[in-house]
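The values are calculated or read from the model by the stated rules, or taken from the named source; none is laboratory data. Please read all numbers here as calculations on a predicted model, not as lab measurements. Here the Cβ is made from the backbone with ideal geometry for all residues, glycine too, and neighbour counts use every protein chain on show. Side chains are part of the model used for accessible areas, which takes the heavy atoms of the whole protein and leaves out ligands, DNA and RNA. Shrake-Rupley method; radii C 1.70, N 1.55, O 1.52, S 1.80 Å.
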Amino acid sequence: MAAKEVVSSCTLTGRYAAELVKNANEFFKYSVYCSKDGRRVSAKSLLGILSLGVMEGERITFYFYSEEDSKKLDRVLNFN
């Protein structure tokens, strides 16, 4: 399983969390996980993402099944 750590550019509440989940479901065929402070949740779950309480500037790690999936992360995190 591949992992990639990123620094959150925004607080993942409401709109941004929903956008992350929507993009994760659209771009990833298989499971993708997000973790913060040792707690791992599905990046395809709105309640899971909200339960992490990710604030701006915090480090979060995404876990993928392949390196190819890790290249899609930039598109998933594009909230424009």
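Restricting the stretch 1-35 to residues that are among the acidic types (D, E) and in a helix (DSSP H, G or I), the residue that is nearest to L52 (Cα to Cα) is E19. Listed by first and then second residue, the pairs linking a residue in the stretch 6-20 that is under 14 Å from C34 (Cα atoms) to a residue that is open to solvent by less than 40 Å² (accessible area, probe 1.4 Å) and of a type in the set (S, T, N, Q), with Cβ atoms under 8 Å apart and 6 or more places separating them unless they lie on different chains, are V6/T61.
Could you look through the stretch 53-72, keep only residues that are within 15 Å of V7 (Cβ to Cβ), out of contact with any helix residue (DSSP H, G or I) (no Cβ under 7 Å at 6 or more places or on another chain) and of a type outside the set (V, I, T), and pick out the one that is surrounded by the most Cβ atoms within 10 Å (Cβ to Cβ)? Here the answer is E58. Scanning the stretch 38-52 for residues that are touching a Leu at 6+ places or on another chain (Cβ under 7 Å) and open to solvent by 100 Å² or more (accessible area, probe 1.4 Å) turns up at least one hit.
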